[in-house]
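Here the structure is laid out as structure tokens; the discussion comes afterwards.
Just so it is clear, none of the values below were taken in a lab; they were calculated from the coordinates. What you see is a predicted model; the values in this text were computed from it and never measured. Here the Cβ is made from the backbone with ideal geometry for all residues, glycine too, and neighbour counts use every protein chain on show.
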């Protein structure tokens with residue numbers, strides 16, 4: 001199955017894959033009553049200064065205050081890649097114990113989406129015969145040839161960024177000044193048994209895909225290949241108003257929580 005995926009990538013790249021791309025309340029303590037009788041205070045008389053109506057105020061040089069202005073902040077530039085970052089990982093599930101993923105969450109950016117199995121279909125047009133991935137609407141798509149959560153290998157999820165619910169829009173702008181997502185941030189995937197698998201981001205890249213050469217598309221497609229350790233790969237498009245680029249985020253397995 002992976003061979004089919006890679007062959008598809010060599011010809012058409014990821015562009016075909018993403019074609020449609022209380023606090024407890026407390027009662028304040030009562031203050032003790034004042035003692036009776038209360039003490040009184042009598043002000044001490046002060047000497048009065050004589051008033052001299054003919055006195056004039058000394059004059060001195062005057063200065064014009066300098067206008068104050070806040071320094072102009074330099075905008076943080078967009079970044080298009082980060083990593084790889086090495087972090088401690090945990091052992092994968094024993095062989096055969098993986099189950100299909102059903103939900104993905106990224107707390108840092110408020111992403112919370114269901115996951116559906118994602119296959120492909122054949123398309124034939126002026127460019128020839130090729131396959132296109134069926135990216136689901138209002139859900140992330142689990143590449144059916146990729147690993148299950150917690151398994152040894154590469155689990156691949158794809159999602160739309162500007163149509164069909166745009167479930168991956170929060171990650172499409174990674175590296176831009178207003179997006180806080182970064183290396184080390186947590187991605188949680190839940191499987192059909194209710195187990196939660198925590199992955200942490202180890203790298204990400206944004207690169208042009210439109211009109212890319214076969215060699216470039218071949219390199220891009222390498223993110224779909226199996227790995228010899230438990231990895232999660234997220235794929236979407238960029239920018240928000242188009243889909244000329246791909247965004248690839250990889251993460252390593254760091255925790256497994258039972259249901």
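Here are the numbers for the structure shown:
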read-out	value
Gyration tensor verdict on region 86-187 (Cα atoms; rounded if a/c is under 1.5, prolate if a/b is larger than b/c, oblate otherwise)	oblate
Rounded if a/c under 1.5, otherwise prolate or oblate - region 199-257, Cα gyration tensor axes	oblate
Stretchable slack from residue 203 to residue 91, in nm (0.36 nm times residue separation minus alpha-carbon distance)	38.3 nm
Relative contact order [Cα under 8 Å, 6+ residues apart], region 79-207, whole percent	31
Residues 245, 121, sorted so that the one with the fewest Cβ neighbours within 10 Å comes first	121, 245
Inter-label distance for residue 100 and residue 121, nm, one decimal - labels placed 7 Å from Cα along Cα-to-Cβ	1.9
Pairwise centroid distance, computed over Cα atoms, of region 192-259 with region 77-124, Å	7
Relative contact order (%) - criterion: Cα under 8 Å, at least six apart; region: region 161-259	34
